Each structure stands twice: as structure tokens, then as C-alpha cells.
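Below is one structure; the comments refer to it alone.
The values are calculated or read from the model by the stated rules, or taken from the named source; none is laboratory data. Owing to the predicted nature of the structure, the values given are computational and were not obtained by experimental measurement. No Cβ is skipped: glycine too gets one built from the backbone with ideal geometry, and neighbour counts run over all protein chains shown. Quick note on the areas: whole protein, heavy atoms, side chains included, nothing else; ligands and nucleic acids left out. Shrake-Rupley method; radii C 1.70, N 1.55, O 1.52, S 1.80 Å.
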Amino acid sequence: MSVDSIAFDHQPPSKHLLCAPSKSPTISWKSTPGKWDWQQTTYQIRLDRPDWQPTTYYVNSAASVAVTWPGADISSREIVNVKVGVRGIGEEEDVWSEEVSVEGGLFELEDWSAVPICAAGEADLSARVPVTLLRKGFTLVDGDKLVKRARLYVTAMGVYEIEINGRKVGDEEFAPGWTSYAHRIKYQTFDVTDHLRKGENVVGAYLGEGWYRGRMGFEGGRTAIYGTEIGLLFQLEITYEDGTVTKIVSDDSWKASTGAILYSEIYDGELCDARKEKPGWSSPGYTESEDWTTVQELPFPAANLVSPTGPPVRCTETLTPVKVFTTPSGKTVVDFGQNLVGRLRIKPRGSAGHKITFIHTEVLEKCGEVATRPLRAAQCTDHYIMKGGDEPEIYEPKFTFHGFRYVQVYNWPGSADLLTSMEAKVLHTDMPRTGWFSCSDELINRLHRNIVWSMRGNFLEIPTDCPQRDERLGWTGDIHVFSETASFLYDCSGMLQGWLQDLAYEQMDNDDCVPPLVVPDVIDPAKFPRLPQAVWQDVAVVLPWVLYTRFGDVNILYSQHASMKSWPSSGIPRDPNTGLWCNTFQFGDWLDPSAPGDAPQDGRTDPMLVANAFLIHVTDLLSRISTILGDPDGASEYATSASALRQSFNDEYVTPSGRLSSDSQTAYVLALRFNLLPTPAQVETASKRLAEIVRKSKFRIATGFAGTPYILPTLATTGNHQLAYRMLHERRCPSWLYPLQHDATTIWERWDSILPDGSVNPADMTSFNHYALGAVAEWMHASIGGIAPAAPGWKKIWVAPVPGGEVRWAEVRFLSVYGEVYVRWEVKDGRFRMEVRVPGNVSAGIVFPRGAREEEGEGEGGNIGGEEVVDGNETDKVLEVGSGVHIFDRPWKEDTDWPPTTLAHPYMPDKEASSSGFRTRVVLP
């Protein structure tokens, strides 16, 4: 066996983590077992640090995820070498990893000697503001002193890009990123040793407004939300072999100017006049002109300067156009074939002063013209003015991004071919991909690809609602309902933990502890006050829970505990008699397809029923979380509260027979999903009524944000999995597959963002890249594919595929924190065949679909390629297996009207888990 990788604080594994997010980072490792059913019994962690004797810490434990840092805290700039050794059951020697290292950042305020700087004078914020150029020359010591290492610590109030000696530092985009700037500002750390040279050196910095000072928000938005001055904080520390250190810091010795970028804004795009470039301005030998002026120093930020918990935004893919066409009105349009988030890179050739304009849109109108109305007040337009010459010019915007598939091009010079002179750079937070799914139905595969693309486009620094119009905000409701899907598709743990820190800061700043509706909170409170909202602000409890269950780090619960408890206790207005929500305005089942276009909150389901269903859900979660955190009194208090709330809910919304006051898909789904019905008879009635409503709707979806994530899982666990498949297969509007009939390549905000007649929905709020309704992918992974976590971090795996509908095979793969989980099943020629791969130090519980369950003695294991044979004689039991590859081959009995399974996907085990370690419960038909 081997220990293949070590990661700190859920950062991607590397040989050297340049800047630890914390002084005592957690440690995780993956082991590749060399034998069947390998389980770790002990581990050792060896720390080797400067001026210390190497120390080894020995622990009897199977833990290998988010293990507590065993030694003293890492100090600023300290480099600690780490090795991990593990031993399995029956083994006599430890197997050791290769040595990796982790380096401390600047943890203390006193570590900073730089001060923020900006161009002198006040910027005219009533007009467009050029991107600032900042410059500083310095000389490295000549002679025999050799540079050992050079570390750059840098951030900005705004967005920045650094060049040293004419070469870009790093591959990040939109650094330092978007946080709640009043509380946290991320700084980046770069190893720039190979950027330096003896003698003269030059640092150059682009400084833009970004989210800090640029216009943000809908209905006109606001500018300068965080401050009127943008600034750069730069600290370069050069350490020589003899131990001496030279620092180059931002101060009033720098110079400032402007260049070719006359403005670069998040919503509106960029104007670049290449004639105004300053060639060589960030390299030695450049002679400063008179427009280079002194800078002014700014006060040091009051916010905490923190190392990022997640990866930065990067270009992750480059797409080329699929066609160029002319619209009916004679406009030239480039089609990239995919709705993406990013920007163009062009290579035109033409005369000086020639101006090219690019308008970015997601879809075409029915008439064949680009649809700009859904962009609202965002111009999404880039302009490039050419400098002229014989060679092609290369241009890519600096500090803007767009959501687009189509680009309308004005005034393209005829000397260059659009198809070969333009490409699209795909940008998003560079999270590692962890989850894949495919099946025999190509439409379902296309739906899944669309969900992935929507997540990519909307995970740019924060989890946004949409990436194209004058919004692009971190709406809490969207990530709440999508969190399980997001945590499967990508390792978004670090990014979302940082986002949750901002939520907690801004929540606790509020006297009544109501979390913001968007994080960071940039909404004008005069236009859109922070009203308590179920589902949206429930993210304060639900998202930490999802991150804990999916990535296995209990620290997320500890760090968010105050925020989680404060929301239901202080933020929710309660009826003093029932404990339920007071009757206040609610978003409810937002964007239920029956809601009017101008009132998306007015759906079929009583919004207060929705609010109180989720109140009980989060109260239940808080009881379980209290148990995990060692607070039995808190757990008991929350459990008692949840029980009382259930009774109040039933008194208010449920008849004795189990009918609900809102006779809607969402109402029954929430009541069943959150176990709100106290008697088996009520569960049976509600289950039957849900199935009736689905049939009556002709299998079309009738849920919005609140009900959509749970409709298919609830149908499946109440004995109606074939109805779930039938809904998924539906192609008429509204349905998940309807957008594919209109060539959608991402998930739409509305079920009918394009109407059946091909016209764009006339509502003011119409996006074609919104991931929330793509939460259905969680059911695809857990039920069609057949895998779900049964213990935190996937330490135990629930394998329970449910074949149905038109799907004849499915394959799902997930890179958990322990290793790869894989399931592939196929129904063919009267046989059910399944392969299950379980990583080392993990176990799995397998439940065969009813059509593959056999009578005693009829079972048959499999043996392919020398893999372990697993006995197939199981009926309604959980078959527990350890790590390794498991092959099954069983007779298959087709049954399109199966009774319900007696085993439900656990997602997480109840605290009263069965002896097998997997939750079981009876679900009535």
C-alpha cells in the first residue's frame, strides 16, 4: 500500500503549501491499499521544523481526514516539513508518505510593514475610471549574495495584477477576490524567486475597481460600497542564503499613471485603447514620462488580512467558435456553442484607431437577433481600439467577465478571420472536479452537463445566482438548495467555508442576527431591506451541515456554531403561542412555474407552510449538530422544540387524515421529506396524494426553489420511483428536459426562460445560467448512480442504485476525501450487473434494487479479473463490504410497479443508527 497525498486545511494536495490558511492546519491523507478490505488502525505524523528536533506523534486511530495539527502552532513565515505514516489491521510496520511542507503566512498585524497606496488625488466617480498603473524600481545586492527565496504577499482594496520585470506573477484572476471587505480581505502569497535578477528590477501593478468600488447590485446598484479609494498592499521579502532579508513594500516612493485600459468594470465591460499602452512600463530600462506621478498612502485596513481558504479564479478552459453568422438585421454574431462565463481573447489586425465592439449575450431572440434585454442594466460590452501595425494584435480584457454564448461584433477588421482570431477563456474558481455521472439516456447526460456548466459559471469567487446581468450576487437561497449537488461535483469546501465566514460576520453585525440575503451584502437596504426569509437564511444552518457530511471536517460546525444557533433563536419572528413563523412576507417556493412572471413568490404553496417546514428541518439539524459537538443539553432542547413545532405545524396545516392545506407538490414533498407527519396513516395519505398530483400534472414539474431539490427523492422513497423517473424524462414545459428542446447548455433561472413559442420570457428577471433548479443532480447521483455518504466525509458509503424509467445503465464516480468511489450498473439480457469500488479505510453498505433481490440460494457473486467474489445471497438486508472492487451479477426481474423499498438513502445516519451503521426506516406505500 501507499500514502499518496497529503493536504492541509482541505487545500489541494501539493509538495509545498505556500501559505497555510491557519496557524494549526488540519491534515488529511489518502491511502491506496495493497490488499483487500484495508482499514487503518494507527497513524504517525512527523514534524520537522527549523531549530527543533524532529518530532513524531503516534495515534491509535482510523482517522485520516481533517486530523488535528499535532504540534505547536506554525509561526509566520515558518516552513514545517511533514510526513505521515499509517498502519492497517494485522500489519507490523508503518508505510510512510513522501515528505511535504507547509509554510506560514503573515499571521500577525506586526508582520506587515507595507502600507496601501493609490494614485494621488480623488477619482471622479461620476465618470468612468481608468485602471491605475503602479510602478516601483529596486536593485538587488550585487556580489556573492545569493537569493534563497523570495515571497510576495499582496492584496488590494479593488482587484490587482502584478508583473515583475515584465512577467505576470501567478495565474490568478480577479485577485484578491470578493469578501466582506469590512471584515476579511484575502491576501495572496507567491514564490517569485525566479522572477528576480541581479541588478535593476521593476514591479508593476494593474489596479482596478472590481467589487470594492465598482457598481454592484440591481435596480441601478451602488458604487463605492466599501470605499472611494482603491489601493494596493504589496510586500516582497527577499531572503538571501546568509539569512539577511530585503523588503520591497508599497509606500509613497512608488509612482502611478494610467495606460490603455480606460475602464474595466464587472457589469459593463472594458474599454481598451491600445494606442495608450506604455510598452515596457513594468520592466527595467523604461523611462518614466511626466504623467507618472507620486502616490498617496492610505490607512491600513481595519479588516482581518487572511490567507484564502479556497483556490483562486483561473482560466480553466479555452473554447473556439463553432460558427459565425449574420442576423436578419445584418449584424455579425459569433456562436461559441456553449453558454459560459469568462471573456474573449482576440487577434485582430488593422489600422490605428480602428474600434471594435463586442456585445455578449446568452441567447438569441426568436427573430434571430441577440437578446440583450435579460442583461438589464449591465452593458456586457467590450471595446478595443487598435494601435495599428502589420502584425496581429492580442487583446484580452483585464478586470471584467461576462456570461455569454453569443458575441455580436461591430466593426471587425476584414483582414482577420473571426473564426480563427477569437477564442473564449472560461473563468471560475479553480476547484478540483470530484464528481462524474453518465447513463444510457443522452438527454439526462446533457442535463447533467448543463448543471456542471452552470456551477462552473456561478462559482466565480462566491456562489452567485447568475453571471451575466446586473446582479451576480451571492444569494443564500440558491446555494442552500444546490449545496449537496455542488459538494459532489467539485471540492468547494474551502471556497464555501470562506463564504460562510463572511455570512457569519455580517449576520452577527446585525442586532437581530438575521443573516444577509446575499453574501457579501451589497444590497441597498433602503430599496431591499434585510427581511427574515426561510430557505434563504436557513443556509446558515444547512450549508455547514452539508460541508461537514460531505467533507468530514467537524471544525466547520464549531466555527459556524454561533451563527447557526443565532438565526432560529434571534432572527426568526415567532408566534408566541405556537413557536411558528409569524405571518410575514416570504419568498416561499420561489419561481414555482405557476407564479406570475412579475411575482415569483406567489406560487401554489402557502409561503408560511414552506417557512415552517424548513424551521423544523433546521431545528432538527441543530439537535444533531449539538450531539456531534458534545452538547447533550442543547441537543435535547432542540429535539423538544422540533417536536413542539411539528405539533403546531400539524395543527395549522395538516388534516387528521394527512391532507395538507396547500394541495401542491411542494407542500407534500416538504412534509414527507422533513418527517413532519406524525402517524403512518398520514404518511400513507400524503404519499398517495403526492403521486396523484404528479400524475394530474402530467408529470410536469410544479415546484420552485423550495420543493425542486426534494421532489424526486421523496417520490422514490415513498414507493413511487417510477414516477420520479417519469418526471425526469418529461420534455414538455415545465420540466428539466424542456430547456434542451431549445438548445440550452446551462440551467435556466425559470422553467420557461424561453417560452414554448421560442420567444424569451418577458419577465424582468430572466437568466439562462442559474444553477438552483439543477439540484436534481443530487438524486441522479444518489439514486440513478446509486451512491451517497452514510458517515461524515464518505467514511461509510451507501450504495443503492434504483434502476427505472428508460435508463438501462448508469455510472457514477466520486473522488471523496478518502479516495475514489465508483459504481457502474447495467440491466441487460435479464441480468443485473454492478461493479462497486470502495477506497481504502472506508466501508460500504450495499442495497440491491428490488428487481435484483433474490430468493435464498439463488444468488450469485462475480469474479472478474481476479477480483474478490461477493456472495449475492441478500434480500432486503444491507450487504456490508470493505475497500476493494466488488462485482455482482444477478438475475433481473422487470417490475414497473415495485412496492417501496424498506431502506431509504440515509444521506447521514440517525444518531439511533442500526447495528449495521446504516439508517433504516419503513416507508409506507
Give me the base-10 log of I(q)/I(0) for region 693-781 at each q in 0.20, 0.21 Å⁻¹, Debye formula, one uniform scatterer per Cα, rounded to two decimals. -0.94, -1.02
With every protein chain present, what accessible area does R184 have (1.4 Å probe, heavy atoms only), rounded to the nearest 10 Å²? 10
At 25 °C and 0.890 mPa s, what whole-number value in µm²/s does Stokes-Einstein give for the translational diffusion of region 232-291, with Rh from the Kirkwood sum over Cα pairs? 165
Please work out how many pairs of lysine residues in region 180-280 are eight or more positions apart (or on different chains) and have Cα atoms closer than 28 angstrom. 9
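Report, to the nearest whole %, how much of the accessible area of region 109-306 belongs to carbon and sulfur atoms, 1.4 Å probe, protein only.
Working: 3630 of 7660 Å².
Solvent-exposed carbon and sulfur of region 109-306 make up 47 percent of the total.
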Take every Cα pair under 8 Å in region 418-511 that's 6+ residues apart, average their separations, divide by the length, and report that relative contact order as a whole percent. 29
In degrees from 0 to 90, rounded to the nearest 10, what is the angle of the helix 680-696 Cα long axis to the longest principal axis of the chain? 60
Given the Cα atoms of region 435-784, and with Rh set as the inverse mean 1/r over their pairs in the Kirkwood sense, what is Rg to Rh to two decimals? 0.94
Could you compute the FRET efficiency for K698 and V554, with r as their C-beta to C-beta distance and R0 at 41 Å, rounded to 0.05? 0.35
Nearby lysines by direct alpha-carbon distance to K795 (threshold 21 angstrom, same-chain neighbours under 8 apart not counted): K30, K35, K877, K911
Under the 7 Å Cα-to-Cβ spin-label approximation, L319 and A526 lie apart by a distance in nanometres of 4.0
What lysines does K331 reach when the alpha-carbon gap must be under 19 Å and sequence neighbours fewer than 8 apart in one chain are set aside? K323, K355, K366
What is the extension gain from E277 to A62, computed as 0.36 nm multiplied by their sequence separation minus the C-alpha to C-alpha distance, in nm to one decimal? 71.5 nm
Cα-based Rg/(2.2 N^0.38 Å) for region 142-240, rounded to two decimals, is 1.29
Please compute the contact order of region 313-429 in relative form: average sequence separation of alpha-carbon pairs under 8 Å and at least six residues apart, divided by the residue count, as a percent. 47
When the helix-only estimate is applied to the chain (DSSP H runs of n ≥ 4, each -39,500 (n - 2.57), divided by the residue count), what is the mean residue ellipticity at 222 nm, nearest 500 deg cm²/dmol? -6000 deg cm²/dmol
Could you work out how much longer the chain between T139 and Q296 gets when fully extended? Use 0.36 nm per residue separation minus the Cα distance between them, nm to one decimal. 54.2 nm
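So for the chain, averaging the separation of alpha carbon pairs under 8 Å that are six or more residues apart and normalising by length, what relative contact order in percent results?
Working: 2277 pairs, mean separation 91.0, N = 925.
So the answer I get is 10 percent.
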Rolling a 1.4 angstrom probe over the protein heavy atoms, how many square angstrom per residue are accessible across the chain? 36
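Can you work out the FRET efficiency for the pair K168 and H742, with r the C-beta to C-beta distance and R0 = 45 Å, to the nearest 0.05? Numbers along the way, then the final one.
Numbers: r = 40 Å, r/R0 = 0.89.
About 0.65, to the nearest 0.05.
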Report the residues of region 515-540 in range of a label on E219: point 7 Å along Cα→C-beta, backbone N strictly under 20 Å from it. 515-534, 536-537
Once you place label points 7 Å from the Cα toward the Cβ at D242 and S75, how far apart are they in nm? 2.3
Given q = 0.11, 0.13, 0.21 Å⁻¹, what are the Debye log10 I(q)/I(0) values for region 434-560, with equal point scatterers placed on the Cα positions and solvent ignored? -0.40, -0.55, -1.24
Modelling each spin label as a point 7 Å along the Cα-to-Cβ direction, I'd like the S569/E200 distance in nm, to one decimal. 6.4
Region 296-449: Cα Rg divided by the 2.2 N^0.38 Å rule of thumb: 1.28
Overall dimensions of the chain by Cα: Rg and Dmax, Å: 28.7, 91
Placing one equal point scatterer on each C-alpha of region 109-306 and summing with Debye, one gets log10 I(q)/I(0) at q = 0.08, 0.09, 0.13, 0.14 Å⁻¹ equal to -0.26, -0.33, -0.69, -0.80
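How large is Rg over Rh for region 713-828, taking Rg from the Cα atoms and Rh as the Kirkwood inverse mean of 1/r across Cα pairs? Spell out each step's value before the answer.
Details: Rg = 16.6 Å, Rh = 16.0 Å.
My calculation puts Rg/Rh at 1.04.
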Take A599, project a point 7 Å from its Cα along the Cβ direction, then tell me which residues of region 215-251 have their backbone nitrogen under 15 Å from it. none
For K698, which lysines qualify as cross-link partners when the Cα separation must be under 17 Å and same-chain residues fewer than eight apart are set aside? K688
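What ranking, highest mean first, results for peptides 821-833, 355-367, 116-128 when packing means the other Cβ atoms within 10 Å averaged over each residue?
355-367, 821-833, 116-128
Contour minus end-to-end for N577 and W96, with contour as 0.36 nm per residue of separation and end-to-end as the Cα-Cα distance? Working shown, then result.
Numbers: separation 481, 0.36 × 481 = 173.16 nm, distance 6.08 nm.
Contour length minus Cα-Cα distance gives 167.1 nm.
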For region 591-714, what's the radius of gyration and Dmax over Cα atoms, in angstrom? 15.4, 48
